[in-house]
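Here the structure comes first, spelled out in structure tokens, and everything after it is commentary.
Values in this text are rule-based calculations from the coordinates and carry no lab data. Computed from a prediction, not measured in an experiment: that's the story for all the values here. We place every Cβ from the backbone using ideal geometry, glycine too, and count neighbours over all the protein chains shown.
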Ligand SMILES: [Zn+2]
Ligand SMILES: [Zn+2]
């Protein structure tokens with residue numbers, strides 16, 4: 001014989017421990033009074049031969065039940081609590097008794113108990129999968145709604161009986177079945193059961209994420225947000241729930257989270273919205289690029305010497321694709337180690353100012369370091385010689401020496417680069433990349449070659465005016481060329497051939 005009765009059944013039924021949470025507590029609150037009564041009702045019985053049929057059913061004493069039924073007991077007759085024998089057999093997982101009672105005329109979907117439930121509802125609440133299977137085989141209707149408005153699958157969700165959820169869905173029960181309030185199992189799970197399951201489990205059956213309930217017109221995501229169910233929010237966002245649907249009050253899930261002041265959920269929803277916007281933007285960029293390729297191809301301009309295969313765009317003149325920045329850079333100069341960015345048309349003049357001010361700063365530090373030593377150290381280079389002088393300034397202030405050395409190091413490269421850049425800009429009208437490319441090419445040509453004879457060299461003052469985009473009292477006017485959109489030469493067209501090869 002199995003355990004002593006439904007009380008024990010209720011405590012020992014085999015569907016694992018329930019996590020604490022209001023969902024489960026909510027479910028317990030729903031747990032019908034019949035179950036409570038069943039628990040209270042059963043002291044151990046010493047002599048099974050005298051017990052009544054309800055007790056015999058609860059305890060699964062098949063012979064005694066058979067004896068009473070054959071003696072004329074009507075199996076359809078409910079007890080004083082309006083509970084049928086089939087209910088007691090179902091809640092206690094008495095498979096043989098269920099078969100026996102049905103063979104004797106018991107009604108499978110008999111309503112009973114305080115919640116007006118069927119035996120199937122009772123079996124589902126208790127998580128008895130074998131009993132659910134048996135009752136369905138006998139034609140029990142899983143779509144029937146109990147006194148609380150829940151169908152079988154809703155109860156399985158509330159009580160977190162995953163095997164029963166899976167079985168009911170596999171038997172054809174709709175995963176989007178609504179309860180009396182129009183809530184689907186997914187909404188119920190997101191609202192009532194804290195934690196990732198059974199929300200995550202239900203999502204495997206492809207439920208509707210955008211369906212709304214009858215009363216509040218909330219989506220499952222709204223319900224998860226309303227309950228502060230972080231795990232369910234996470235699962236629903238991962239499954240692609242819409243962030244834009246508004247409920248009957250016109251609120252999106254984010255509006256609800258802001259009202260509830262749930263910072264974690266607010267952060268999750270905002271981060272998801274940002275990520276989706278980026279994805280949309282990337283898709284838009286991709287479509288733009290496709291359109292670009294079509295236009296270039298159809299106008300005969302799709303030349304792979306001037307087409308960037310990484311950015312899928314037509315490269316502007318003087319531009320280069322930087323693989324570190326993963327972008328085409330207009331009038332490319334270099335990828336700068338010191339700034340970690342590319343130097344090009346947009347920021348080249350700032351780079352010159354950076355080098356200029358860095359040189360001035362380092363120069364100033366060097367000058368003041370010498371001043372410090374001359375005031376605070378009792379030695380001079382002329383009187384004591386180099387070795388003594390160095391020893392003295394190390395002993396005088398190691399920190400000043402350290403700063404001096406740093407300044408000297410940065411002064412050396414920044415000054416060198418500054419003069420190099422100014423020379424290229426003013427005298428050659430070239431970028432660093434163009435200069436080095438032309439120098440490389442010149443090694444392979446036998447003809448005499450001058451870096452100054454390129455179409456970009458417009459003379460010292462014009463080069464400077466163009467570069468810094470400023471005139472000089474009307475004497476020089478900058479030539480406004482936008483190198484981000486310049487695809488062909490606008491001046492010195494005869495020299496375009498030279499440029500193409502740069
Ligand atoms: Zn590119
Ligand atoms: Zn770069």
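Worth pointing out:
- Relative contact order (percent, whole number), the chain, Cα cutoff 8 Å, 6+ residue spacing: 7 percent
- Theoretical FRET efficiency, 1/(1+(r/R0)^6), r = Cβ-Cβ of residue 285 and residue 248, R0 56 Å, to 0.05: 0.90
- Rg ratio (alpha-carbon, reference 2.2 N^0.38 Å) - segment 286-424: 1.72
- Taking all pairs of distinct alpha-carbon atoms in segment 348-500, Kirkwood radius in angstrom: 19.1 Å
- Label reach from residue 310 (point 7 Å along Cα→C-beta): in segment 395-439, amide nitrogens under 16 Å belong to 433.
- Here r is the Cβ-Cβ distance between residue 360 and residue 427 and R0 is 22 Å; the resulting FRET efficiency, rounded to 0.05, is 0.45.
- Calculated FRET value between residue 255 and residue 377, using beta carbons and R₀ = 51 Å, to 0.05: 0.15
- The ranking of 386, 361, 237 by Cβ neighbour count inside 10 Å, starting from the fewest, reads 386, 361, 237.
- Residues 57, 295, ranked from the fewest to the most other C-beta atoms within 10 Å, line up as 295, 57.
- Rounded to 10°, Cα long-axis angle of helix 348-376 versus longest principal axis of the chain: 70 degrees
- By the Stokes-Einstein formula, at 1.306 mPa s and 10 °C, the chain with its Kirkwood radius over alpha-carbon pairs has D equal to 51 µm²/s.
- Against the chain, whose longest principal axis comes from its Cα atoms, helix 432-444 is set at around 70 degrees.
- Fewest-first sequence of 286, 399, 223 by Cβ atoms within 10 Å of each Cβ: 399, 286, 223
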